[in-house]
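Reviewing the structure listed below.
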Amino acid sequence: MTLIRFSLLLLLVLIPLSGHAASPVKARTLSGVGVVRITESAATSKVPLYREPGLGLLQTVSLTALPSLRLNGINLDRLYFPVIAKKRGWLKVVLDDAERTGWLAMGRGWEFNSWERFLENRQITMLRGLRKDYYLLRKAAAITADPLGSMEKSSSLVCREIIGEWAMVETAGGVSGWLRWRDENGRLLLTADVSP
């Protein structure tokens, strides 16, 4: 009798919880070594993806099926993809939300830029929902550097320089300081404006 009561009690507790399970939080985008910009017309053709540059065909896909960067600004004629690694004319990109990767041969209408070059003098915004210390503007590019103040989560900043994981930024009020642009796991902490 005690076993039956315990089983019923357990069932009553577990049934309501099963419907309220939290959905997994999607990981922030891996930054890698840079960004490739591809015109929309070039992205519609199918391209082969390889395990290694030119070796071990994985699949042939349309680039529009790959996860692209979520950037600010209206620029519907181009797609931007983070590049995890680069070897000569080959780019390693993320294929899906499970973060499987594959290699693509650079195509016509593609432009690769390192993060340093891509972010320089570009308007950026820190992502929402980050740890508080990521919003701290610092005097130098180091976690131990004195803070100048905390940024509003939606503050518009201009990136002036990149050194490692740190971006030298300028606020709308003209204050300059350093923020991390990617975390210790190589994931982006910001979004950039790509308006023409």
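Size descriptor for the range 120-192, Kirkwood hydrodynamic radius: 11.8 Å (Cα pairs only, one decimal).
For the range 92-133, the residues whose amide N sits under 12 Å from a probe point set 7 Å from the Cα of GLN59 along the beta carbon direction are 95-102.
In the distance distribution for the range 34-115, Cα-Cα pairs more than 14 Å apart total 59 percent. Our coupling estimate for the range 45-55, obtained by passing each phi through the Karplus curve with A = 6.51, B = -1.76, C = 1.60 and θ = phi - 60°, is 6, 7, 10, x, 10, 10, 5, 10, x, x, 10 Hz, Gly and Pro reported as x. Phi angles of the range 171-187 translate, via the Karplus equation with coefficients 6.51, -1.76, 1.60 and θ = phi - 60°, into HN-Hα couplings of 7, 4, x, x, 7, 10, x, 10, 10, 6, 9, 9, 7, 5, 9, x, 9 Hz per residue; Gly and Pro are given as x.
The GluC sites (Glu not before Pro) of the range 87-184 meeting both criteria, a DSSP state outside H, G, I, E and B (loop) and at most 12 other C-beta atoms within 10 angstrom of the site's C-beta, are GLU99, GLU152, GLU184. Look at PHE81, PHE112 and count the other Cβ atoms within 10 Å of each Cβ; fewest to most, that gives PHE112, PHE81.
For trypsin sites (Lys or Arg not before Pro), the sites in the range 94-196 that DSSP calls loop and that have at most 13 other Cβ atoms within 10 Å are ARG100, ARG108, ARG128, ARG131, LYS139, LYS153. Amide H to amide H, with H built 1.01 Å from N, ALA167 comes under 5 Å of LEU179, ARG180, TRP181, counting only residues 5 or more places away or on other chains. The H on the amide N of LEU189, modeled in the peptide plane, is under 5 Å from the matching H of ARG182, ASP183, each at least 5 residues off or on a different chain. Between the amide H of VAL94 and those of ILE84, distances stay under 5 Å, these residues lying 5 or more places away or on another chain, with hydrogens modeled in the peptide plane. Given R0 = 22 Å, the distance between the Cβ atoms of SER154 and ASP97 translates into a calculated FRET efficiency of 0.30. Between THR144 and SER45, the FRET efficiency from the beta-carbon distance, with R0 = 45 Å, is close to 0.40.
Each value in this text was obtained by applying a stated rule to the coordinates, not by laboratory testing. The structure displayed is predicted, hence computed values, not measured ones. Here the Cβ is made from the backbone with ideal geometry for all residues, glycine too, and neighbour counts use every protein chain on show.
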